[in-house]
Amino acid sequence: MKAKLGSSENQAEDHNTTSSSSLLDLPELTLECILDRLSPAGLCAMAGVCSSFRDRCTSDHLWEKHMKQKWGKVIGDSAYREWQWHIALKMRPRNLLDRTNQTSFIGSVSKICPLLSRFSLKPGAENGENRLRKSDLPVDSIMARYLALETGEFWFPAQVYNRENGHAGFMLSCYDAKLSYDSKTDTFQARYSPHGRRTTEENISWDRLRVPPVDTCSYDLHISASLVDLKPGDHIEIQWRKTKEFPYGWWYGIVGHMESCDGNENHCRCQYTDTVMLEFKQYPASSRWRKTAINRKDHREVGNETDGFYGGIRKLYKEEEISMWKRLWPNQILD
């Protein structure tokens, strides 16, 4: 009986010891591996458990992977600069404990993780409950940036293919826009800034977005660096705008042959002429939009108020860029 009683007592003691252990008792490497496998919603939930998990789950090195996986293909240098300006404005009041800001933060986090409402994420939490306050999360952290993107709070700059729902006037073009994400539909809303009225578009899918390939303002002429290398068959993008008051968009085309060339590779000398012929084969041969010629050695903006103005040129070297334009090719020749 003593042996059995002693055994029972030991088991009870072992049970009590076991029940008092927690995740924080795990080896550091093991705990890091667990946190590294959590989703963004999981990290948000764990951040509300206690101050120790809050510090761990809001750290940049855990959120960097999630940023790259979800936002890496649409967030570029221009978006990062916009984010720096965005957080500078948010920090202007300097009172990060402001109740209004705190409530706004809780609402934003709750959108990505409804489970957080079960944790003590309330501005007035008392009785020793843990709190995840806005002041606990640095505004310049990767987690803050991720949540601002996920909840649509942060409008970021990117480019949109075939703007305005495939409007025929914008087929095979790509325009700068400010975008906001809608997590309910997994789509984006865009604000375009042409001369005159502001244009918006909703329900934009991920595959119509890209990071701006060059760091050139949409109102500035891009300085072309590949004009000397252009030869027939090369794929290009060229800036074009309707008038000089409008912003540029990037339009897809290919390098064609001069009128005097029959296209025979054995006799073609188009690559060595000062003039480069650009073709936009989405338009019929009779269209004034079908071809335009530029000077290889002294290219500047060329055009007029009737045909528009052609700006800088990018030669496309990556197959993924060329393939994207081919996927957008219209089903029929444009008028």
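Below are the figures for this structure:
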item	result
Euclidean distance between Cα centres, segment 27-58 to segment 136-207, Å	30 Å
Over segment 202-335, relative contact order from alpha-carbon pairs under 8 Å, at least 6 apart, %	28 percent
Mean Cα-pair separation over length for segment 135-292, i.e. relative contact order, pairs under 8 Å, 6 or more apart, %	15 percent
Solvent-accessible heavy-atom area per residue, rounded to whole Å², over segment 150-238 at 1.4 Å	46 Å²
Restricting segment 134-214 to trypsin sites (Lys or Arg not before Pro) in coil, as DSSP defines it, with at most 10 other Cβ within 10 Å	LYS184, ARG197, ARG198
Entries of LYS231/LYS297; LYS65/LYS315; LYS281/LYS326 with Cα pairs more than 21 Å apart	LYS65/LYS315
Within-11-Å neighbourhood charge of TRP251 [Cβ basis; K, R +1; D, E -1]	+1
Probe 1.4 Å - accessible area at ASP36, Å² to nearest ten	70 Å²
Candidate aspartates and glutamates for bridging to LYS184, where Cα separation is under 16 Å - those fewer than 8 sequence places away on the same chain excluded	GLU150, GLU153, GLU202
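The values are calculated or read from the model by the stated rules, or taken from the named source; none is laboratory data. Just so it is clear, the structure is predicted and the values come from calculations on it, not from any experiment. Virtual Cβ from ideal backbone geometry, glycine too; neighbours counted across all protein chains shown. Heavy atoms of the whole protein, side chains included, go into the accessibility calculation; ligands, DNA and RNA do not. Shrake-Rupley method; radii C 1.70, N 1.55, O 1.52, S 1.80 Å.
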